[in-house]
Amino acid sequence: MLSKKMAKMLTRTGVTLTMLIGLLSTPVVAGPLDTAYANAMVPYVVLKRGSIECGKPAGEHISYKTRLLGILGRVPSIDLITADREIERAFEREAPRTSYTECSDTLLQRYQNTLASDAERALQYLAEQVRAYP
C-alpha cells in the first residue's frame, strides 16, 4: 500500500506526463505577442512573491498587474478576465508549494532587480508587440 504522500506524487507525475504528451503532440507556435505576454508575467510573479514572502508592499505587484492588463486591453481579441486568471496561474506555478515561506537573499535580489528595470522593460516590450499586432 502506498502512502498518501507517495500516491499524491505519482498522481501529479501522471497528470504532468499526460499534459506534456498532449502538448508535444500538438504543434505550438507562439507569436511575438504571446512571448511578450509570457515574459511580462515573470516580473509579476517576482513582485508578488516579494510581497508575500518578504513583506514588501502589495501595491507593487497590484500596480504592475493593472498596467499589464491595461496594455493587454488594447488588443480587441483578448479576454481580460482569462488573461487575469492566467497571470495568477503563473504565480501559483512559480510560488513555493509548501506553507513554509522564507524571504531568501536571492528572492530579495530578484525583487530589487525587477523593481529597478525588469518590470518596466517587460511592459515596454509587451506594449511594442501590442502596437505591432494586426
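The values are calculated or read from the model by the stated rules, or taken from the named source; none is laboratory data. The shown structure was predicted, so the numbers you read here are calculated from the model rather than taken from an experiment. So basically every Cβ, Gly included, is an ideal-geometry build from the backbone, and we count neighbours across all protein chains shown. Remember, those area values only see protein heavy atoms, side chains included, never the ligands or the DNA or RNA. Shrake-Rupley method; radii C 1.70, N 1.55, O 1.52, S 1.80 Å.
Keeping all protein chains in the complex and leaving out DNA, RNA and ligands, what accessible area do you get for residue 77 with a 1.4 Å probe, in Å² to the nearest 10?
Accessible area of residue 77: about 90 Å².
Determine the sum of side-chain charges near residue 88: Lys and Arg each +1, Asp and Glu each -1, restricted to other residues whose C-beta is under 15 angstrom from that of residue 88.
Residues near residue 88 contribute +1 overall.
For segment 107-134 and segment 52-75, what is the separation of their C-alpha centers, rounded to whole Å?
11 Å
If you filter segment 57-134 for chymotrypsin sites (Phe, Trp or Tyr not before Pro), then keep DSSP loop positions with at most 14 other Cβ within 10 Å, what is left?
On the way: sites: 64, 91, 100, 111, 125; in loops: 100.
Here the chymotrypsin sites (Phe, Trp or Tyr not before Pro) that fit, given the DSSP loop and packing criteria, are 100.
If you wrap a convex hull around the Cα atoms of segment 45-134, how much volume per residue is inside, in Å³?
Taking the convex hull of the Cα positions in segment 45-134, it is 91 Å³ per residue.
Give, in nm to one decimal, the length gained when the segment between residue 128 and residue 80 is fully stretched (0.36 nm per residue of separation minus the Cα-Cα distance).
Values: separation 48, 0.36 × 48 = 17.28 nm, distance 1.84 nm.
Full extension of this stretch gives 15.4 nm more.
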